[in-house]
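Just so you know, all these numbers are worked out from the coordinates, no wet-lab data involved. Because the structure is predicted, anything quoted here is derived from the model rather than measured. Cβ coordinates were reconstructed from backbone atoms using ideal geometry, including for glycine residues, and neighbour counts include every protein chain displayed.
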Amino acid sequence: MNKPIYMDNNATTKLDSRVFEEMKPYFTEIYGNASSKFYETGRKAEAAVADFRERVAKQLGAKTNEIYFTASGCEADNWAIKGIANAYKEKGNHIITSSIEHHAILSSCEFLEKNGFEVTYLPVDSEGRVNPKDVEDAITDKTILISIMTANNEIGTIEPIAEIARIAKEHKVLMHTDAVQAIGHMKINVAELGVDLLSISAHKFHGPKGVGALYIRNGVKISNLIHGGGQERGKRAATENVAGMAGLCKALELTNAEIDKNIEKMTALRDRLIKGIRDNIPECRLNGPENEDRLCNNVNFSFKYIEGESILMMLDMYGICASSGSACASGSLDPSHVLLAIGLPHEIAHGSLRLSVSGETTEEEVDYVIKTLPPIVERLRHMSPLYEG
Ligand SMILES: *Cc1c(COP(=O)(O)O)cnc(C)c1O
């Protein structure tokens, strides 16, 4: 068994070597600026961008001119929220989202609140589900956008997006979904979901970091987030990251081609982990749904009396990479907003651990985690002043 054992695939994934091969020529041979049309390497780059856009659109069930490349999932989310808010501000100033969105969405909404917009942050149930009825009740004649994530990155909850999108449409409100965690773990088709905008990010499905895309349905108006040159049909300036686009495109094709097999495999690994942890560690709590409403690769537990960060440090000593809900990306010591939103008290939220598998994870690796984790939890509990056991 090779170490480290990587169980943090909701944070990022390893680049697939086939994706790397697809990207290489755009660093070494076809390095021209895709906007330079007077020589061959530029024209080849331009043609490649057109080809990648078409192929990405096909994978998502979109039209070619509905795909816009970005530099990340965060950028796609920021653009969707701020770009729609600005383009439709004459129509209304109200946005509906959920309390468990990624910070790219939440912080964009908070930014808009400082600039005259009103935002409703919908609560979720104890497993992280948004109730479509709550969405409908929150709509006013000032509502311009609903943004609900397809699947949550911390606790794996899959949201009823098609149903919410239907409600949005009925009320003539635009619907965005952050599908960054969904790709690679679910089949995603924009037409079937019925959304107007959808964000993705390559590094969450074995593509490169620093490239994402936003689907924008034809007919939807959006203001620029990035101003400058005329790239992306004038909607998003920046010299095209052709190698990144190649990587996103190839990773999306591969992940979709292998998805049935991989969902089956990841689900089995996930359930083996859940069972192994439950059978071997007392006083633990699975965060997120038990059933098919859960991302096939996500496991999230709270362990009473101890801190998630201490577990991570000990796991690291055994070569296991995981993450916790106690310290978010901002480096703050507040527990995760997602765990608080599902009703966990602070002290339980602090003791949480996220393990996320990929299609490359092996049963042997899962069994190593199941063997390694219980004594770590036991040891930390014995060091905890809160533990009487
Ligand atoms: C990772 C992630 C993002 C951000 O994507 P980046 O490409 O890392 O900026 C946004 N939303 C969700 C749900 C994510 O998991």
Using Cα springs under 10 Å in a Gaussian network model of the chain, which residue among 252, 315, 214 shows the largest mean-square fluctuation?
315
Before anything else, pin down the relative contact order of the stretch 17-257: Cα pairs under 8 Å, at least 6 apart, normalised by residue count, whole percent.
26
To test your reading of the geometry: what angle, between 0 and 90 degrees and rounded to tens, separates the Cα axis of helix 363-383 from the longest principal axis of the chain?
60
Alpha carbon centroid spacing (whole Å) that separates the stretch 197-275 from the stretch 94-136
23
When you have a sec, figure out the Kirkwood radius of the chain from all distinct Cα pair distances and drop it here in Å to one decimal?
21.7
Report the one residue of 287, 358, 337 whose Cα lies farthest in the direction of the positive end of the charge dipole of the chain (charges on C-beta: Lys and Arg +1, Asp and Glu -1; origin at the Cα centre).
358
Whichever lysines have a C-alpha closer than 20 Å to that of residue 89, once near sequence neighbours (fewer than 8 apart) are set aside
114, 142, 169, 172, 221, 235
Mind pulling the angle between the C-alpha long axis of helix 161-170 and the longest principal axis of the chain? Nearest 10 degrees, somewhere in 0 to 90.
50
With +1 on the Cβ of every Lys and Arg and -1 on the Cβ of every Asp and Glu, the dipole magnitude of the chain about its Cα centre, in debye rounded to the nearest 20, is 1040
Select from 314, 245, 186 the residue whose mean-square fluctuation is largest in a Gaussian network model of the chain (Cα-Cα springs shorter than 10 Å).
314
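Give the relative contact order (percent, whole number) for the stretch 103-241; include only Cα pairs under 8 Å separated by 6+ residues.
14
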With the chain treated as a Gaussian network of Cα nodes joined by springs under 10 Å, which of 337, 102, 171 yields the largest mean-square fluctuation?
171
Using only helices, what value at 222 nm comes out for the chain when you add -39,500 (n - 2.57) per DSSP H run of length 4 or more and divide by the total residues, to the nearest 500 deg cm²/dmol?
-11500 deg cm²/dmol
Trypsin sites (Lys or Arg not before Pro) restricted to the stretch 100-193 and DSSP loop, no more than 15 other C-beta within 10 Å
114, 142, 172, 187
Taking Cα atoms, how many degrees apart are the long axis of helix 103-113 and the longest axis of the chain, rounded to 10 and kept between 0 and 90?
60
Please compare each pair in 133/209; 304/371; 37/58 to a cut-off of 29 Å on the Cα-Cα distance and tell me which ones are over it.
133/209
